[in-house]
2 protein chains.
Amino acid sequence: MHQTFDAALELNLLHANQKGADHNREHFDRWGITCLNIMSSPGAGKTVLLEQTLAALRDKFNIAVIEGDMTTELDADRLRQYDVPVIPINTGRSCHLDSKMVAGGIHILEHQHNPTDLDLVLVENVGNLVCPAEFEVGEHAKVALLSVTEGEDKPLKYPVMFQEADCLLITKTDLAPYLDINLDRIADNVRQMNPKIKIIYLSAKTGEGLEPWFDWISNLVKQNAVNQLARQI
Amino acid sequence: MHQTFDAALELNLLHANQKGADHNREHFDRWGITCLNIMSSPGAGKTVLLEQTLAALRDKFNIAVIEGDMTTELDADRLRQYDVPVIPINTGRSCHLDSKMVAGGIHILEHQHNPTDLDLVLVENVGNLVCPAEFEVGEHAKVALLSVTEGEDKPLKYPVMFQEADCLLITKTDLAPYLDINLDRIADNVRQMNPKIKIIYLSAKTGEGLEPWFDWISNLVKQNAVNQLARQI
């Protein structure tokens, strides 16, 4: 995150954000929704992943998208073609979504859609491998994408994202033959700092990894629904 | 940048940073140094560009590198092989270099090297397409890299970097044949918001664009040296 020349202020900022995130999660839990926070550098393939996920899972689950971008609705427009609620949030100069912005999205969900009918909310964060990892938005799990073109050393150099993520998608594997890269070394570098992380190799072009990804989401939604019910009994 | 829930605080933060940047630039000007701030997403090719630049220009100019990374000295170690002063700055959780951190690097330059002998300081920023664009560090010009794998729409979605940059290197052009991408559209999108920007298509693998890049740097260093002298007369 940004240095503010004031450590106490940074703690206050993160503390306020965390309170907002917990509040957002209470909403999701009350409505029986699982929320995923999807994060990566710009261009690692978040939006195409969402397109393929909506196409494959919209008949199985009721899905909405909260779409974070600094500016434009380019990504939101792509996702609206899948006939699910898409709520765009323009962050302006801000380099990540925070819990207050997502609360604004939840407010729209509450008043313009029927949130108790939803199973899954996919939050696409601003493209940034650093800051979004520190600002929880109320998600039940964090998903990080790393494109093979970004290089093997990125987990070591940008550790917070890889420490925080529950699932890592190593994307654009179809480009690996044209790169001097060892895919297993990326996974090894990540597991060094986060042994429990789920890692899936993915190519939007060839379809590699899509089924394991859909399975991972489906299991998470079902398990989370059970947990949410259990807490209400 | 990060939203701090307080617009006045954000202004203060940027103002304090700008004062520090101006102070850093005074040092560079006094020593006759040109400073470049090199920025991009993680994995767009900043470090390999620096390697090729040091190899080509270290006999022509006296060069030092200030190497920003959240953690590790992996990049600094790569650049030390070129026998130039390399000053690593680990930013910890911070997502960009700020002028205070670079002042620390300048302090080391001043006390461990002979800065009046230097012509060029290359600052490699933390990999992030958003935040570094807002925090000047005392540079004379900003250089942005965008890899062709990141997609045509990125200049529209992350405009600040492309508005601020003096030179844009569109990198990894050797991968373009394997992507569904129109290189001219990237350049058009950038020129829409920044008509004066210098755009160079670059491939570290084939060498495309390296000569124009070396020419751009060489002209900048010479022109800046003239300006610095003129101000002292």
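Key figures
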{"quantity": "Highest-first arrangement of A:36-47, B:97-108, where packing means the average Cβ count within 10 Å", "calculated": "A:36-47, B:97-108"}
{"quantity": "Cross-link reach list, lysines versus A:LYS19, counting only Cα pairs under 16 Å and skipping chain neighbours closer than eight places", "calculated": "A:LYS100"}
{"quantity": "Separation between Cα centres of the stretch A:165-202 and the stretch B:57-93, rounded to whole Å", "calculated": "27 Å"}
{"quantity": "Rounded to 5, the percent of DSSP beta bridges in the protein assembly as shown classed as antiparallel", "calculated": "0 percent"}
{"quantity": "Shape call, the protein assembly as shown: gyration tensor on alpha carbons, a/c limit 1.5", "calculated": "prolate"}
{"quantity": "Pairs beyond 28 Å (Cα-Cα), from A:LYS142/B:LYS198; A:LYS157/B:LYS60; A:LYS46/B:LYS46; A:LYS60/A:LYS154", "calculated": "A:LYS142/B:LYS198; A:LYS157/B:LYS60; A:LYS60/A:LYS154"}
{"quantity": "Cα convex hull of the stretch B:143-233 - mean projected area over all directions, nm²", "calculated": "6.4 nm²"}
{"quantity": "Protection proxy ranking of A:135-145, B:51-61 - average other beta-carbon atoms within 10 Å, highest first", "calculated": "A:135-145, B:51-61"}
{"quantity": "Averaged over A:193-204, number of beta-carbon atoms from partner chains that fall within 10 Å", "calculated": "0"}
{"quantity": "Span-rule helices in chain A, defined as complete DSSP H runs reaching 27 Å or more along the axis (Cα) with Kyte mean at least -1.0", "calculated": "A:210-232"}
{"quantity": "Other protein chain Cβ atoms within 10 Å, averaged over every residue that makes up B:69-75", "calculated": "4"}
{"quantity": "Dipole magnitude of the protein assembly as shown, debye to nearest 20 (Cβ charges: Lys/Arg +1, Asp/Glu -1, about Cα centre)", "calculated": "140 debye"}
{"quantity": "Burial order of peptide ranges A:85-93, A:215-223 (average beta-carbon count within 10 Å, highest first)", "calculated": "A:85-93, A:215-223"}
{"quantity": "Overall Cα dimensions of the stretch A:2-232 - principal axes, largest extent first, Å", "calculated": "50, 49, 38"}
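Laboratory data are not the source of any read-out in this text; all were calculated from the coordinates shown. Given the structure is predicted, the values throughout are model-derived calculations rather than measurements. When we count neighbours, we look across all protein chains shown, and the Cβ atoms used for this are built from the backbone with ideal geometry, even at glycine.
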